[in-house]
Amino acid sequence: MQAIIMAGGVGSRLRPLTNSMPKPLVNIIDKPVMEYVIENLALGGVTDIAVTVGYKSQMIMDYFGDGSKWGVSLTYFEETEPLGTAGGVKNASSFIKDDFLVLSADGFCNIDIKDFCDYHKSHGQLITMAVRYMPDARGYGLVRTDEDSFVTSFAEKPKFLCSGLINMGIYAFDKKILDEIPDGKCDFSYDIFPRHIGDIRSYSTDCFWSDIGTLSDYYLTNHYVSIHPENFGVTF
């Protein structure tokens, strides 16, 4: 499978860290969060990777280059204006040859990429979505599933204290999904997924996951990794 890493966001909630660098380059312990994403893809056997870039894109391209340092091949697609998650994928459609993954450059986790890919291929659905149980799901996209792991509904970012499965922003798609995405700005959560309620297959995992969306999340993630370095390939 191939992968598309979404790395174009501004990361405004992480300011002042993102005043001088894009969010994918902020460090978790000793290296940029996007480096962990690339390493985890390579570990799972996914080495053909596209990266959608926007804010301070040159810094990302200068740091990662062609990806050979990590044993992968990187192809960049620059957005002159924000296109949304689905719009960014459509903009990179010339890269896609077959089924593919979509991940966020700032989604820090140790999901088993190979198992996720194998699961997607095994059930034959158009879309597979990685989900995780969160005891406090405030601020995240809530997902409800049935006994066969099909997504039955979404509830975007509740503000009240609640628990449940959340959308991790990690997807596997059949290439046919590109036919449904129009040119221009388009988002998976708002424009594509609602059409597929009942036929999106969920993949539930208990792996560590953090979107490092706020400064407190960012520092708590660094603290967690400092305590469990062996889970993320970190050595001191």
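The values are calculated or read from the model by the stated rules, or taken from the named source; none is laboratory data. Just so it is clear, the structure is predicted and the values come from calculations on it, not from any experiment. Ideal geometry is used to build each Cβ from the backbone, glycine not excepted, and the neighbour counts take in all protein chains shown.
Below are the figures for this structure:
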item: Number of the condition not met by Thr205 [criteria: (1) at pLDDT below 90; (2) in contact with a strand residue (DSSP E or B) (Cβ under 9 Å, 6 or more places away or on another chain)]; result: (1)
item: Positions within the stretch 49-69 being in a helix (DSSP H, G or I), over 17 Å from the mean Cα position of the chain (by Cα) and surrounded by 17 or more Cβ atoms within 10 Å (Cβ to Cβ), in sequence order; result: Ser57, Phe64
item: The stretch 1-23 - residue that is under 15 Å from Glu79 (Cβ atoms) and among the hydrophobic types (A, V, I, L, M, F, W, C) and, of those, surrounded by the most Cβ atoms within 10 Å (Cβ to Cβ); result: Ala7
item: Residues within the stretch 166-201 that are of a type in the set (A, V, I, L, M, F, W, C), more than 24 Å from Ser94 (Cα to Cα) and within 16 Å of the chain's Cα centre (by Cα), tallied; result: 2
item: Subset of the stretch 1-19 (residues that are at pLDDT 85 or above and among the small types (Gly, Ala, Ser)); result: Ala3, Ala7
item: Flag for Thr80 being in contact with a helix residue (DSSP H, G or I) (Cβ under 9 Å, 6 or more places away or on another chain), β-branched (Val, Ile, Thr) and farther than 22 Å from Val225 by Cβ; result: no
item: Unmet requirement for Val46, which otherwise passes all of (1) in a loop (DSSP other than H, G, I, E, B); (2) of a type in the set (A, V, I, L, M); (3) out of contact with any strand residue (DSSP E or B) (no Cβ under 8 Å at 6 or more places or on another chain); result: (3)
item: Residues within the stretch 189-231 that are under 25 Å from His120 (Cβ atoms), aromatic (Phe, Trp, Tyr) and in a helix (DSSP H, G or I), tallied; result: 2
item: Index of the failed condition, Gly44 passing every other in (1) touching a residue at least 60 places away in the same chain (Cβ under 8 Å); (2) small (Gly, Ala, Ser); (3) out of contact with any helix residue (DSSP H, G or I) (no Cβ under 8 Å at 6 or more places or on another chain); result: (3)
item: Residue in the stretch 104-111 that is within 15 Å of the chain's Cα centre (by Cα), under 19 Å from Asp191 (Cβ atoms) and in contact (Cβ under 8 Å) with a residue 60 or more places away in the chain present; result: yes
item: Residue in the stretch 164-179 that is free of Cβ contacts under 8 Å to residues at least 60 places away in the same chain and in contact with a Ser or Thr (Cβ under 8 Å, 6 or more places away or on another chain) present; result: yes
item: Tyr76 being within 20 Å of Gly213 (Cα to Cα) and among the aromatic types (Phe, Trp, Tyr); result: no
item: Residue in the stretch 28-41 that is at pLDDT below 95, surrounded by fewer than 19 Cβ atoms within 10 Å (Cβ to Cβ) and among the aliphatic types (A, V, I, L, M) present; result: yes
item: Whichever residue in the stretch 70-89 is part of a loop (DSSP other than H, G, I, E, B) and touching a Gly at 6+ places or on another chain (Cβ under 9 Å) and, among such residues, is surrounded by the fewest Cβ atoms within 10 Å (Cβ to Cβ); result: Thr80
